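Please read the structure below before turning to the comments.
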Amino acid sequence: MGTNEDKFKRVISHAKEYGFIFQSSEIYDGLSAVYDYAQNGVELKNNIREYWWKSMVQMHDNIVGIDSAILMHPKTWKASGHVDAFNDPLIDNKDSKKRYRADVLVEDYCLKIENKIDKEILKAAKRFGEKFDKEQFIITNPRVVGYKEKITIILSRLGKSLEKEDLEDVKNLILELNIVCPISGSKNWTDVKQFNLMFGTKLGASSETATDLYLRPETAQGIFVNFLNVQKTGRMKIPFGIAQTGKAFRNEIVARQFIFRMREFEQMEMQYFIRPGTQNEWYQKWKETRMKWHTSLGMGEENYRFHDHEKLAHYADAASDIEFKFPFGFKELEGIHSRTDFDLKQHQEFSGKKLQYFDHELNENYTPYVVETSIGLDRMFLAIFSNSLCEETLENNTTRTVLKIPPFLSTYKVAVLPLVKKDGLSELAKNIYKELKLEFNVTYDEKDAVGRRYRRQDAIGTPYCITVDHQTKEDNTLTIRDRDSMTQNRIALKEVENYIKEKVSFNSALSKML
Ligand code: GAP
């Protein structure tokens, strides 16, 4: 499918063309970094959410779910540290009037050096042919070694300056590296400033009495403020978890890469409340459990990796990302954070209400520690969608575009197709369609030649097509076509439902996590 950039463009255009994702408010030229899920996209998104929910809540006796409000008391965000510390460093170019994330400008600069390394490797691979030893070349070629050293020096200085909040040095770094604005081409930069990512809104009828609120930037705080409510009413014993899915909002300065970084997005988060001192054990356990969840989708273990954080958020004593190989490289898909007792203690202090747990076994009161798992639903959608989109050359030299979405997550589980519209085949197919609808999300299509209908279903990822033909009328059998292998088998009508159920139920994926 060409270069990674081409592949990513194909992902975006396919998502639009086949009714998965539209730009928000497109008729008004769109709203930047905000997207709408279309008729096929919403089904896939719902299925991913449901799979996460089942694996977290249904499969764990000690995890329950909640659905807290997007709007919360403004003190919540003071307590959580978001008002003071949820910032990105930004810089403006005075000529183009464009705003950038200062750290991203530097990281993009390093990415360009990475590209130079890739080019050296490609050149050498061509020159040495089969004898080429990539690993050896990378550690011995003076040019590549030099490039790598340069990247390390730049990123380590950036990291240190950000950690120390030395924004002047971040600007100096940009100037020293001669980084220019991609639009104006100039180095006419403002100073670097911190920019809070929360969206503000108002509650109340008149401007004098209105209270300033924030749209939540993470769902986690709705869980923390309900910790004691859930623990008491659910009679939960530590360790236990509270899960929730829902919208979060961030005024991202650099919003690009389609649904990877959005201003309105959805999170699936779980806070696991534990005894102080056991956080490392649970942190490792949840890293493992979440990786198992990802690999249960069958999208290739080589496409995931952990990235343990050196620079930690204000609330964490350990943190790791599960990164996925998106078309634009390995990027964060999910975060696993050991959040200590920071949040509960802060809410206790700001609200004046005790948020403690009495541990009967230890016969003592304490503020629980928390390990959090936090994944973006939209990022998960992008991971599945981009990984599933393939272009295949067939034996007769034609090509087909197919979305090899894990069958249990696909928009439609099955398409019912009469071979032709006449001879009563439509009526027969419609009856089968009505029956199957009670069990699965099914689609019906009788327009065009059957080959074209197969292609349409391939393009939206329908794992099975059943074709009703003249033989169906005689012996109650029909053909069932498998999306990935394109093989067709004849099976009895009465077996169809069970056949599909077995292949598209969540059970086999969920059982991989037991
Ligand atoms: N409660 C912890 C928390 O919110 P985070 O690393 O800021 O941690 C967790 O976010 C996950 O949410 C990320 O791994 C990512 O999948 C998703 N996410 C964060 N910002 C996003 C954005 N602007 N657009 C889409 N997804 C985002």
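Summary of values
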read-out: Dipole magnitude of the stretch 391-514 about its Cα centre (Cβ charges: Lys, Arg +1; Asp, Glu -1), debye to nearest 20; value: 300
read-out: q = 0.11, 0.20, 0.22, 0.23 Å⁻¹, the stretch 87-196: log10 I(q)/I(0) [Debye, one scatterer per Cα]; value: -0.45, -0.97, -1.10, -1.17
read-out: Cβ-based exposure ranking for Thr477, Thr219, in which fewest neighbours within 10 Å come first; value: Thr477, Thr219
read-out: Highest to lowest packing among 142-150, 233-241, scored as the average C-beta count within 10 Å; value: 233-241, 142-150
read-out: Extent along principal axes [Cα atoms of the stretch 390-433; Å; largest to smallest]; value: 35, 30, 10
read-out: Average silhouette area of the stretch 128-186, convex hull of alpha-carbon atoms, in square nanometres; value: 6.4
read-out: For the stretch 383-447, with +1 on Lys and Arg beta carbons and -1 on Asp and Glu, the positive-most of Cys390, Ala415, Leu438 along the dipole; value: Leu438
read-out: Rounded D (µm²/s) - the stretch 394-511, Kirkwood Rh over Cα pairs, Stokes-Einstein at 10 °C, 1.306 mPa s; value: 110
read-out: For the chain, the fraction of alpha-carbon pairs in successive 20 Å shells from zero, as %; value: 18, 47, 30, 5, 0
read-out: Ranked list, fewest to most other Cβ atoms within 10 Å of each Cβ, for Val225, Val468; value: Val225, Val468
read-out: Chain lengthening between Phe350 and Glu302 when straightened (0.36 nm per residue, less Cα-Cα); value: 12.8 nm
read-out: Estimated vicinal HN-Hα couplings, Hz - the stretch 42-50 in sequence order (Karplus 6.51, -1.76, 1.60; Gly, Pro = x); value: 5, 5, 4, 4, 4, 5, 5, 4, 5
read-out: Farthest toward positive dipole pole in the chain [+1 Lys/Arg, -1 Asp/Glu at C-beta], among Ala316, Ser161, Met380; value: Met380
read-out: Isotropically averaged projected area of the stretch 234-291, using the convex hull of Cα atoms (one quarter of hull area), nm²; value: 6.0
read-out: Charge dipole (debye, nearest 20) of the chain; +1 at Cβ of Lys and Arg, -1 at Cβ of Asp and Glu; value: 680
read-out: Extension gain (nm, one decimal) between Lys75 and Lys421, 0.36 nm per residue minus Cα-Cα; value: 118.2 nm
read-out: Residue-averaged 222 nm ellipticity for the chain, from DSSP H runs of 4+ at -39500 (n - 2.57), nearest 500; value: -12000 deg cm²/dmol
read-out: Positive dipole terminus of the stretch 240-366, leading residue within Asn303, Phe358, Asn251 (C-beta point charges); value: Asn251
read-out: Compactness of the stretch 210-249 as Cα Rg over 2.2 N^0.38 Å, two decimals; value: 1.43
read-out: Viscosity 0.890 mPa s, temperature 25 °C, Stokes-Einstein D of the stretch 184-302 from Kirkwood C-alpha radius, µm²/s; value: 133
read-out: Folded to 0 to 90 degrees: helix 425-437 orientation relative to the chain principal axis, Cα; value: 40
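The numbers here are math on the coordinates, done by the rules we state, and not lab data. What you see is a predicted model, and the numbers here were worked out from it, not measured in a lab. Because the Cβ atoms are built from the backbone with ideal geometry, glycine has one as well, and the counts that use them run over all protein chains shown.
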